[in-house]
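Comments concern the structure below.
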Amino acid sequence: MAMLEVQDLNVRFYTDDGVVKATDDLSYRIEAGERFGVVGESGAGKSVTSLALMRLIDEPGVIESGEIRFKGENILEMDEEEMRSLRGNEIAMIFQDAGTALNPSYTVGEQISEAIRYHLGLDEAAARERAIETLESVGIPSAAERYSDYPHEFSGGMQQRVVIAIALSCDPDLIIADEPTTALDVTIEAQILELLEDVATEFDTAIQLITHDLGVVAEFCDRVMVMYAGHPVEMAPVEDVYYDPQHPYTVGLMSSIPRIGDDRDRLQTIPGRMPDLIEMPPGCNFHPRCPYAEESCTRVEPRLVDVETGDPADPINSDAQTAACLAHTGELTGELDYEVTVQGEDAPTESGPASGTSTGANDR
Amino acid sequence: MSLQRFVLKRGLITIPLLLGISMLTFGMVHAIPGDPIDFITLFTELDPQTEMEIRAEYGLNQPVYIQYIDWVTDAATGDFGRSIITRDPVASEIVERLPYTLVMGIMAFGVTLITAIPTGVIAAYYRNTKIDQASRVFALLGIAIPNFLLGLLLLLIFASWLDLFPILPPTDRGIISYDMLVYTLLPAITIGTGSTALLMRLMRSSMVEELDKDYVRTARAKGLPERTVVQKHVLRNSLISVVTVAAIQVAFIISGSVVVEIVFSYPGIGRLLVNRVGNRDFPVTQAIVLLIGVAVILANFVADVLYAYLDPRIRY
């Protein structure tokens, strides 16, 4: 049994314009200590997925069906009290923009220690001590003095460290990091990722990293799920996705990363836009943008299948590379006609790719 | 900068403000048409000799700036001269009535805060429900109804029809008596209603705005109970914008007391002011107007300190 098992999760938003299917029969799992990446464009359902794990989806969104089993217990059946004892304690969250995620009128120390007092039942002094230790572990210099500083007295990178400290404060088993570096500049981004990596290793914490940055995923994650319009289109160990992407959307994402030494004049893009989540295209959601789409793609909705065997995927129990494209079930007459070239001196190895050395070149 | 230093710095700013207020007060009272001498002598013809003597007695023969300086220096020691109508010391006339107005004002402000803040919070939390609608209707009525009309309505309903209050204030018992304190509720509610309505809506909109902020989600993601999230995290930030307006309400409550004291025949300084303005009793008028100005300055000072306490970002 994996630590986290999400099965057939359906999140719907009931808006005046219609029902938005934010996630559609979504299934995945995260093992203890694993780093799981969730990738996709804005609106693909990444953030909704993570908020669903915390049961913090706001109106008009509802978790309509499915199961989220954390350590074997379905959190969707818990009462509010049980859920609260999980939040911030066993499952913690790191938010995108630390500048707004912190309350401006309380000291950072108070914002860390209030969770410690609440979940671990420590008194004021002990909670303070633990909060200072946590601040030290996320690399805040002279943590004891900075304990009583307010968020506006910290730089953006330091604020993000504080947010990470809040997440770490009660020693959670799973951290959901929702684009933790998007609001930061590149050098700080590298530091924060390194920090996340260190603390995840040190505390043996599983991380669900949500990002739209494939470079970050390559560096950080063990397995990755690529999402498109509320569906997983590809799920696999990270090296498989980078060296041998099996879904046209993944290929498109890869080839839109600009690279040093690239002599193309224009940035590669995936033509078109993500479909309206209220009126999804029939068949494969991606077919209007897919260079390999055929007539059958407009009729048949592809399921997530094992790319080797074509059998339906079992994301809860299997690690096999899976993708949702008709090419893998033999329902496509043509083939996914692209080739992957690996640049740089590092060849793919079993242990994982060297960061940023693979290119999915789309030979249209 | 620490809060103490902020308080000190902000306190120093009140000194020039107080000076400015005193000049304005003095200037305006002296710009009122009509010669005080005529009111002192009840419009009788005087020989120049007697007129000079009376003018000298009140310092009216001096140039205006000398009169101002004399007045300010005396006022600083609590001496506001004598009334030209009753010939009593102004200070003792005010001290006699001030407790009534103070008690009424504090009660009005208390009623305002106690009702406006919780109802605003509830309306925000249950926004766009029946509760919110009801508070909106009340707020509209409260802002629309004039003080004097509301006062008369309350007297009619609670004093005349229901007989729960006397029609006239039981002044013979003094302000610190059960009867008087109970009676004071009526004018206090009358004055406070407009401010309550305004603050309630402000509290609601401020709270609605804060509830949507990211830090609220952070607080929830920590697993804190909803009550803590709202009362600790959201309320404090919502109050920041409310505090300033609440302080301005002090000024409205003071100016409202002038009308309401007349409606309720209430023996406070508001009614005294209206009486004496009509009689050109400039020493009393000056003193009361100055007092009101000082009260508003103090209220703003308290608001700024509270503001700095609530929002650490503004202590620069």
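See the values below:
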quantity: Set B:Gly78, B:Gly27, B:Gly20: member being under 24 Å from B:Leu273 (Cα atoms) and assigned to a loop (DSSP other than H, G, I, E, B); calculated: B:Gly78
quantity: Of all residues making up region A:66-90, the number that are within 10 Å of another protein chain (Cβ to nearest Cβ) and of a type outside the set (S, T, N, Q); calculated: 8
quantity: Residue tally, condition farther than 27 Å from A:Asp244 by Cα and assigned to a strand (DSSP E or B), over region A:185-215; calculated: 0
quantity: Number of positions in region A:215-228 that are more than 21 Å from A:Leu174 (Cβ to Cβ) and either surrounded by 24 or more Cβ atoms within 10 Å (Cβ to Cβ) or within 9 Å of the chain's Cα centre (by Cα) (or both); calculated: 1
quantity: Members of region A:67-101 found to be over 17 Å from A:Ala52 (Cβ atoms) and polar (S, T, N, Q), listed by number; calculated: A:Ser85, A:Asn89, A:Thr100
quantity: Residue among B:Leu12, B:Leu42, B:Leu3 that is touching a residue at least 24 places away in the same chain (Cβ under 8 Å), over 20 Å from B:Tyr68 (Cβ atoms) and exposed (fewer than 15 other Cβ atoms within 10 Å of the Cβ); calculated: B:Leu3
quantity: Residue check, A:Thr182 in contact (Cβ under 8 Å) with a residue 60 or more places away in the chain, surrounded by 14 or more Cβ atoms within 10 Å (Cβ to Cβ) and within 22 Å of A:Ser27 (Cα to Cα); calculated: no
quantity: Hits in region A:55-92 (condition: of a type in the set (D, E, K, R), assigned to a strand (DSSP E or B) and in contact (Cβ under 8 Å) with a residue 40 or more places away in the chain); calculated: A:Glu64, A:Glu67, A:Arg69
quantity: Per-region count, region A:144-195, residues out of contact with any strand residue (DSSP E or B) (no Cβ under 7 Å at 6 or more places or on another chain), under 22 Å from A:Arg117 (Cβ atoms) and of a type in the set (D, E, K, R); calculated: 5
quantity: Number of the condition not met by A:Asp123 [criteria: (1) buried (at least 19 other Cβ atoms within 10 Å of the Cβ); (2) more than 10 Å from every other protein chain (Cβ to nearest Cβ)]; calculated: (1)
quantity: Residue tally, condition part of a helix (DSSP H, G or I), in contact with a helix residue (DSSP H, G or I) (Cβ under 6 Å, 6 or more places away or on another chain), in contact (Cβ under 8 Å) with a residue 60 or more places away in the chain and within 14 Å of chain A (Cβ to nearest Cβ), over region B:279-316; calculated: 4
quantity: Test: residue in region A:270-289 that is touching a Leu at 6+ places or on another chain (Cβ under 8 Å) and in a helix (DSSP H, G or I); calculated: no
quantity: Residue count, region B:255-278 (criterion: part of a helix (DSSP H, G or I) and closer than 30 Å to B:Ile37 by Cα); calculated: 16
quantity: Flag if A:Ala218 is touching a residue at least 60 places away in the same chain (Cβ under 8 Å), in contact with a strand residue (DSSP E or B) (Cβ under 6 Å, 6 or more places away or on another chain) and not in a loop (DSSP other than H, G, I, E, B); calculated: no
quantity: Flag for A:Ser169 being closer than 22 Å to A:Arg87 by Cβ, buried (at least 21 other Cβ atoms within 10 Å of the Cβ) and in contact (Cβ under 8 Å) with a residue 40 or more places away in the chain; calculated: yes
quantity: Matching residues, region A:91-114, being facing chain B (nearest Cβ under 9 Å) and not hydrophobic (A, V, I, L, M, F, W, C); calculated: A:Gln96, A:Asp97, A:Gly99, A:Thr100, A:Asn103, A:Pro104, A:Ser105, A:Tyr106, A:Thr107, A:Gln111, A:Glu114
quantity: Any chance B:Arg82 is under 30 Å from B:Ile191 (Cα atoms) and of a type in the set (Lys, Arg); calculated: no
quantity: Within region B:238-274, considering residues that are within 14 Å of chain A (Cβ to nearest Cβ) and of a type in the set (Gly, Ala, Ser), the one farthest from B:Leu306 (Cα to Cα); calculated: B:Ser238
quantity: Options B:Leu235, B:Leu202: the member that is more than 14 Å from chain A (Cβ to nearest Cβ), part of a helix (DSSP H, G or I) and in contact with a helix residue (DSSP H, G or I) (Cβ under 9 Å, 6 or more places away or on another chain); calculated: B:Leu202
quantity: Subset of region B:52-80 [free of Cβ contacts under 8 Å to residues at least 60 places away in the same chain, among the hydrophobic types (A, V, I, L, M, F, W, C) and under 23 Å from B:Ser92 (Cβ atoms)]; calculated: B:Ile54, B:Leu60, B:Val72, B:Ala76
quantity: Condition check for A:Val138: more than 14 Å from chain B (Cβ to nearest Cβ), touching a residue at least 40 places away in the same chain (Cβ under 8 Å) and within 24 Å of the chain's Cα centre (by Cα); calculated: yes
quantity: Selection within region B:81-109 - free of Cβ contacts under 8 Å to residues at least 12 places away in the same chain and either part of a helix (DSSP H, G or I) or crowded, with 17+ Cβ neighbours inside 10 Å (or both); calculated: B:Ser92, B:Val95, B:Glu96, B:Leu102, B:Ile106
quantity: Residue satisfying all of: in region B:110-133; free of Cβ contacts under 8 Å to residues at least 12 places away in the same chain and of a type in the set (Ser, Thr, Tyr); nearest to B:Val208 (Cα to Cα) among these; calculated: B:Tyr126
quantity: Residue in region A:56-65 that is at the interface with another protein chain (Cβ under 9 Å from one of its Cβ atoms) and either at negative phi or out of contact with any strand residue (DSSP E or B) (no Cβ under 7 Å at 6 or more places or on another chain) (or both) present; calculated: yes
quantity: Pair list, Cβ under 7 Å, 6 or more apart: region B:209-225 residue more than 7 Å from chain A (Cβ to nearest Cβ) and surrounded by fewer than 22 Cβ atoms within 10 Å (Cβ to Cβ), other residue part of a helix (DSSP H, G or I) and among the small types (Gly, Ala, Ser); calculated: B:Leu211/B:Ala124
quantity: Filter result for A:Leu174 (over 21 Å from A:Ser42 (Cβ atoms), within 14 Å of another protein chain (Cβ to nearest Cβ) and not acidic (Asp, Glu)); calculated: yes
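Residue-wise test of (1) within 28 Å of A:Thr15 (Cβ to Cβ); (2) under 23 Å from the mean Cα position of the chain (by Cα); (3) surrounded by fewer than 16 Cβ atoms within 10 Å (Cβ to Cβ).
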| position | (1), (2), (3) |
| --- | --- |
| A:Pro237 | no, yes, yes |
| A:Val241 | no, yes, no |
| A:Asp244 | no, yes, yes |
| A:Val251 | no, yes, no |
| A:Ser256 | no, yes, yes |
| A:Gly261 | no, no, yes |
| A:Pro271 | yes, no, yes |
| A:Asn285 | yes, yes, no |
| A:Cys290 | yes, no, no |
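Just so you know, all these numbers are worked out from the coordinates, no wet-lab data involved. Owing to the predicted nature of the structure, the values given are computational and were not obtained by experimental measurement. A quick note on method: Cβ atoms are made from the backbone with ideal geometry, for glycine too, and the neighbour counts reach across all protein chains shown.
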